[in-house]
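The values are calculated or read from the model by the stated rules, or taken from the named source; none is laboratory data. All figures in this text were calculated on a predicted structure; none of them were measured in a lab. Here Cβ is always computed from backbone atoms with ideal geometry, including for glycine, and neighbour counts include all displayed protein chains. Accessible surface areas use protein heavy atoms only, side chains included; no ligands, DNA or RNA. Shrake-Rupley method; radii C 1.70, N 1.55, O 1.52, S 1.80 Å.
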Amino acid sequence: MTLIVQKYGGTSVGSAERIKNVARRVARAHQNGHDVVVVVSAMSGETNRLVALAQEIQDYPDPREMDAVLATGEQVTIGLLAMALKSIGVAARSYTGWQVAIQTDNAHTKARIHHIDDAAIRADLAAHRVVVIAGFQGVDNEGNITTLGRGGSDTSAVALAAALKADECQIYTDVDGVYTTDPRVVPEARRLNTISFEEMLELASLGSKVLQIRSVEFAGKYKVRLRVLSSLEEGGNGTLITFEEDKHMMEEAAVSGIAFDKNQARINVRGVPDKPGIAFQILGAVAEANIEVDMIIQNVGAEGTTDFSFTVPRSEYQSTLDILHKAQKNIGAREICGDDTVCKVSIVGMGMRSHVGIASTMFRTLAEEGINIQMISTSEIKVSVLIDEKYLELATRVLHRVFELDKVPQH
Ligand code: ADP
Ligand code: ASP
Ligand code: MG
């Protein structure tokens, strides 16, 4: 007997018809003798609707109450899916995150899972019931409802698979696997049969939303066998995330994938005194406000001064500028400005460790298209550039072509 965790995203449960379709798929796995735990998202568009509704009441919704609102989306789908299963003769039971319980810290709207109580789930599985669990939500140790950040149902599924020591965690979505880049932007994008854990982690952290980054982290930490598949098409093996031990299965291209992230804004702090402690003075103020800084560049400026640029999430653009304007006198900056119409495009590949010239090919290709690079950051297996957001699609397409991502790599 194998235990499978299946997760269905928003589009996959986007209508009553689709929920019935999911029920049929779950029923098949159950009838084939598997123990099945299903994690579901809210119906597509629902979480956005709830966010907008809350913002009509409060510009910056109270985080505790925001979670009370957001968690309702998934509560609807667990009930509907359990009904759909029962109506085709499959014993099933739905659970919210707090009923399970999925214990988290108290960081409302971006909570982290600490512990999962598996007793109720195990009892249902022993009674041959399918267990349907609400993704994206949990409960802190004072009983407050928490949510795990946008896209968090992926993380609920992988965390449950880890806690239950499931044989496989299957993420069913509206594409049939992980592609070389978002197939909505580059139609020639190619589905990968496998992708290494390290590459998937980079792609997720660089903006590819097919898997939430924390779900990939969990899979790595607990060695969960993780696969991305289509809920809308039949058959197909999707994409398997591979670990060191599956090395023989891996493709070794120089570049395996391209990710992009529009959630970026650039901040410039110009003409600050070039002296020890200045980076801390500027970034310390931003960090104190819990704003995550991503790319950073410091250049030598005129006459003993230095220019400082960095990026923050776009939603934090205005608040970052406000913080720095307040601190401008203290820092001694000549000018504080920025741009929130930028994006980050990144190429990712394990093969970069052994191939040289990848970054220069990227820079040349962008230059040939007249795309100006504003910032660069690199790691062992990725190169990211910050560019004007109007070039996002063009940059992704030309890079996809120059690195021949539409072709199966030859060994
Ligand atoms: P779900 O609601 O099922 O969680 P998401 O919308 O969160 O689905 O994620 C699936 C989407 O991720 C796809 O529709 C696709 O547009 C996007 N995506 C971005 N990058 C990739 C990629 N490299 N491979 C596949 N899909 C990608
Ligand atoms: N419903 C949540 C969201 O839209 C969680 C998820 O779908 O994974 O972000
Ligand atoms: Mg998702």
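What is the gain in length, in nm to one decimal, between Gln298 and Leu232 on full extension, counting 0.36 nm per residue of separation less the C-alpha to C-alpha distance?
19.0 nm
Tilt of helix 278-288 relative to the longest C-alpha principal axis of the chain, in degrees (0 to 90, nearest 10)?
Between helix and principal axis, roughly 30 degrees.
Quick check on packing: order 166-177, 119-130, 80-91 by the mean number of other C-beta atoms within 10 Å, highest mean leading.
166-177, 80-91, 119-130
Give the angle, between 0 and 90 degrees and rounded to the nearest 10, that separates the Cα long axis of helix 392-402 from the longest principal axis of the Cα atoms of the chain.
80 degrees
Take the cross-link list Lys275/Lys329; Lys110/Lys344; Lys110/Lys329; Lys221/Lys382 and give me the ones stretching past 25 Å between alpha-carbons.
Checking Cα-Cα distances, Lys110/Lys329 exceed 25 Å.
Tell me which lysines have Cα within less than 26 Å of Lys20's Cα, excluding those fewer than 8 residues away on the same chain?
Cα-Cα hits under 26 Å: Lys7, Lys86, Lys209.
Over what distance in Å are the Cα centres of the stretch 113-128 and the stretch 186-237 separated?
If you average the Cα positions of each part, the centres end up 26 Å apart.
Please give, to one decimal in nm, the separation of the simple spin-label points placed at Gln318 and Arg150, each 7 Å out from Cα toward the Cβ.
1.7 nm
Using the beta-carbon distance between Asn372 and Glu142 and R0 = 60 Å, what value does 1/(1 + (r/R0)^6) give for FRET efficiency, to the nearest 0.05?
Computed FRET efficiency for Asn372 and Glu142: 0.75.
Which whole-percent values make up P(r) of the chain when all C-alpha to C-alpha distances are grouped in 20 Å steps starting at zero?
Calculated over all Cα pairs of the chain, the distribution is 25, 53, 21, 1 percent.
Considering only protein heavy atoms and a probe of 1.4 Å, how much of the accessible area of the chain is carbon and sulfur, as a whole percent?
48 percent
Between beta-carbons, use under 10 Å as the cut-off and find the net charge around Gly135, counting Lys and Arg +1, Asp and Glu -1.
-1
Taking the Cα centroid of the stretch 250-302 and of the stretch 132-165, what is the distance between the two, rounded to the nearest whole Å?
After rounding, the separation between the Cα centres reads 31 Å.
So what's the net charge close to Ala71: Lys and Arg +1, Asp and Glu -1, counting the other residues with Cβ under 12 Å from its Cβ?
-3
Per DSSP H run of n ≥ 4, the term is -39500 (n - 2.57); total these for the chain, divide by its residue number, and report the mean residue ellipticity at 222 nm rounded to 500 deg cm²/dmol.
Estimated from H runs of four or more residues: -10500 deg cm²/dmol.
Which percent, to the nearest 5, of DSSP beta bridges fully inside the chain are antiparallel? Could the numbers behind the result be given before it?
Details: 44 of 72 bridges.
If we restrict to bridges inside the chain, about 60 percent are antiparallel.
If you find the alpha carbon centre of the stretch 4-46 and of the stretch 310-337, how far apart are they in angstrom?
Rounded to whole Å, the Cα centres lie 45 Å apart.
Using the Cα centre of the stretch 329-410 as origin and beta-carbon charges of +1 (Lys, Arg) and -1 (Asp, Glu), tell me which of Gly351, Thr365, Ser384 is placed farthest towards the positive end of the dipole.
Comparing the listed Cα positions along the dipole, Gly351 ranks first.
Please compute the per residue accessible area over the chain with all protein chains in place, 1.4 Å probe, rounded to a whole number of Å².
Numbers: 19000 Å² over 411 residues.
Computed with neighbouring chains in place, this is 46 Å² per residue.
Under a 1.4 angstrom probe, counting protein chains only, how are His325, His30 ranked by accessible area, largest first?
Descending order: His325, His30.
Taking the Cβ-Cβ separation of His114 and Glu404 as r and a Förster radius of 60 Å, what is the calculated FRET efficiency to the nearest 0.05?
0.85
Relative contact order, percent, of the chain when contacts are C-alpha pairs under 8 Å separated by at least 6 residues?
Contact order relative to length: 13 percent.
Suppose R0 equals 30 Å; then what is the FRET efficiency for Asn48 and Lys275 from their Cβ-Cβ distance, rounded to the nearest 0.05?
Here the calculated transfer efficiency is 0.05.
How high is the relative contact order of the stretch 189-307, in percent, with contacts defined as C-alpha pairs under 8 Å that are six or more residues apart?
Reported as a whole number, the value is 25 percent.
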